[in-house]
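Structure first, commentary second.
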Amino acid sequence: MFDEPIFAVRVDRRQAVQTHPVPKKVTAPRGPFPDEMFAEPEIVSASEAVEFEPGATAQNNFKPEKYLRCARCLVRVKESETEDHICG
């Protein structure tokens, strides 16, 4: 079946050695970023009996859609409709 002879491979088993010290406790990562950047928003559950404003969906954490004002014509525009806005 095999044309070439099969050679046995020697396997050396070695005990693993910890080369660096293991931390005594776990801490939050530190860096050049402010703590506010890592703050997680409060998650609102749909099962709570709360009235949500129009535009509040599970995709945007039940927050209403923002309205912006056009700097040229001063018309209120929804944030999702800014690209389609034509001053008139």
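Since every read-out is calculated from the coordinates, none of them should be taken as a lab result. Just so it is clear, the model here is predicted, and its values are computed rather than measured. No Cβ is skipped: glycine too gets one built from the backbone with ideal geometry, and neighbour counts run over all protein chains shown.
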**OP:** Mind checking the full-extension length gain between VAL17 and ALA56? Use 0.36 nm per residue of separation minus the Cα-Cα distance, one decimal, nm.
**Re:** 8.5 nm
**OP:** Measure off 7 Å from each Cα along the Cα-to-Cβ vector at PHE7 and PHE38, then give the distance between these two points in nanometres to one decimal.
**Re:** 5.2
**OP:** Report the FRET efficiency, 1/(1 + (r/R0)^6), for VAL26 and ILE86, where r is their Cβ-Cβ distance and R0 is 35 Å, rounded to 0.05.
**Re:** 0.05
**OP:** Distance between Cα centroids, the range 1-26 to the range 55-88: provide it in whole Å.
**Re:** 60
